[in-house]
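Asker: Got a structure for you, questions after.
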Amino acid sequence: MPKDFLAGAQDHYDVVVIGAGLAGLTSANILARQGRSVLLLEQHYKLGGLATWFKRPGHHIFDISLHGFPYGMVKSCRRYWSKEIADSIVQLTGIRFDNPMFSIQTDFTRADFTRKLVEDFRVPQETVDAFFDTARGMNFYDDQQTTARELFDKFFPGREDVIRLLMEPITYANGSTLEDPAISYGIVFSNFMSKGVFTFEGGTDALITKMGEELVKSGVDVRIRSDCERIHVGSDGDGGSKVTGVTVNGRHIKCDAVVSNSNLRSTIFRLCGEEVFDKDFVEEARAVRINNSSTQVYMALRPDDPLEESTGDLLFTSTAPTFNTEALLSRDITSRTYSMYYPRTRPEGRPQKLIVSSTNARWEDWAQMPEEEYQTSKADLCETTLDALDHYVPDIRNRVVHVEASTPRTFNHYTHHVAGASFGTKFEGLAVSRALPQQVRGLFHAGSVGIIMSGWLGAMNYGVIVANEVDSTLMTGGSESTSGFEREVAADVAAG
Ligand SMILES: Cc1cc2nc3c(=O)[nH]c(=O)nc-3n(C[C@H](O)[C@H](O)[C@H](O)COP(=O)(O)OP(=O)(O)OC[C@H]3O[C@@H](n4cnc5c(N)ncnc54)[C@H](O)[C@@H]3O)c2cc1C
């Protein structure tokens, strides 16, 4: 008989959280700490969502999305998880850029960027200061009409090299483009510039294991291999509708609220069904653009390989003559970001030297490929990546002991994200996600949306905002405004 992953689960919970990505995990933890009964459902066999890892023979442990996050994670982890988790966050200082326009090494802070922009790029100090102040002053509620391109043209007209330095890493970090609202660029960029780029010492496996332990301490009922098929909506007896429960692994479980960490579009169209929403809302939801996906190549060297730490921690490389987002997404790859993992990544584990190459990619380029062509294309991705990496790690082909690739199909397979989205939705997804509880009482979405609420820091803090709203809804039926708290958390995210 197949194992019952819901054995012993109750018939009713205050809240069901669907999905154990960083937003779902954080929401579940906060709500349980607030005394709510919480059921956390994850369809995969491990927690973490895109914050994940995999193991290969030879004691290699590859991280998928542990490339770098802003300092704000320290405060968020301390407040909403534990001091122990927060204390494992450490800085990465070897950030390199190499492209036909410039080659530089930086710690990715405002001070160092200012120095480089003034001394190497010859931009007047006042212009640099004014740009940083403007980006820093941006927040969640600001003008959304100005695009990133307009922001750059205002401060650095005609300076494609400067725009490349400022934009390329953020495009890589959250898929944003020059056409997206400037605030989605400014907030994320300023977060990083506040103190630089950080990582979790011990690896994603250690982080998620610690979070799992915290969930148990908080009293969350955690269930893996539990695929939620349906969110049930009924009448609230007052002319509106409300959440009544979920169906998971064929079993019906009642609840008063649902937090869906599943993809926004899946939540609306697959889990709920469009018939439960207003027509206008459905139109708005249909218009939400999914953000791009990624390809990655995972490479292991021998533990005693002479790879020097001076090679850097994060290398933003490109062979494209100028920066353009089309080129960043093209299957004809010109841009690769290499993350280097030295023994210090997992000081307590076996020493390892790993390199992960990441490139933004389009779902459409991979989705329909017949199996044979798909396998050939993946092999080609590995080969061309080794060729490109040879420039930074000479003789890489003779040094590498394991190579494999992932594609947008891989991300779709493991997380069920529409189009294998790496960074949720484009900007308009934020408003749709926020509006769900006005459509159906007790229905919430928490997860990467709108570029700003994406990445480890954004997703986690969106989970915080939503947990607070759920608690208020359960307490007062949603009659009390939580906007003060939302502004506070949004300010924390913006403060990096
Ligand atoms: C290649 C790559 C590199 C990245 N690099 C970085 C980086 O360096 N720094 C950074 O800050 N961010 C990075 N990110 C982005 C970051 O990982 C994500 O934004 C963040 O982890 C997403 O968290 P989330 O809460 O939105 O949920 P997700 O991680 O998307 O998780 C959603 C979860 O819901 C589950 N689920 C979905 N549907 C159901 C269902 N019906 N029933 C049960 N469970 C369900 C899924 O299995 C999944 O576990 C990267 C992402 C990718 C793909």
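Asker: Can you tell me which condition residue 288 does not meet? The list is (1) in a loop (DSSP other than H, G, I, E, B); (2) under 12 Å from residue 443 (Cβ atoms), and all the others hold.
Answerer: With respect to (1) in a loop (DSSP other than H, G, I, E, B); (2) under 12 Å from residue 443 (Cβ atoms), residue 288 is out only on (2).
Asker: Which is in a loop (DSSP other than H, G, I, E, B), within 23 Å of the chain's Cα centre (by Cα) and of a type in the set (Lys, Arg), of 336, 331? So that I can check it myself, show each step before the final result.
Answerer: Details: 336 fails: in a loop (DSSP other than H, G, I, E, B).
The unique qualifying residue is 331.
Asker: Out of all the residues in the range 58-90, which are more than 14 Å from the chain's Cα centre (by Cα), at pLDDT 95 or above and within 23 Å of residue 296 (Cβ to Cβ)?
Answerer: 60, 61, 62, 89, 90
Asker: Within the range 213-270, can you find the residues that are acidic (Asp, Glu) and either within 10 Å of the ligand (Cβ to nearest atom) or in contact with a Lys or Arg (Cβ under 7 Å, 6 or more places away or on another chain) (or both)? Let's see the steps before the verdict.
Answerer: First, the residues of the range 213-270 that are acidic (Asp, Glu): 213-214, 221, 227, 229, 236, 238, 256.
Hits for the range 213-270 are 227, 229, 236.
Asker: Of the residues 300, 285, 257, only one is touching a residue at least 24 places away in the same chain (Cβ under 8 Å) and in the same structural domain as residue 343 (by TED's automatic domain parsing); which? Give the derivation first.
Answerer: Values: 285 fails: in the same structural domain as residue 343 (by TED's automatic domain parsing); 257 fails: in the same structural domain as residue 343 (by TED's automatic domain parsing).
Result of the check over 300, 285, 257: 300.
Asker: Moving on to the next point. In this structure, does residue 370 turn out to be more than 23 Å from residue 92 (Cβ to Cβ) and crowded, with 16+ Cβ neighbours inside 10 Å? Give the derivation first.
Answerer: Values: more than 23 Å from residue 92 (Cβ to Cβ): yes; crowded, with 16+ Cβ neighbours inside 10 Å: no.
Here the answer is no, as residue 370 does not meet what is asked.
The values are calculated or read from the model by the stated rules, or taken from the named source; none is laboratory data. Given the structure is predicted, the values throughout are model-derived calculations rather than measurements. Please note: Cβ atoms are built from the backbone with ideal geometry, for glycine as well, and neighbour counts cover all protein chains shown.
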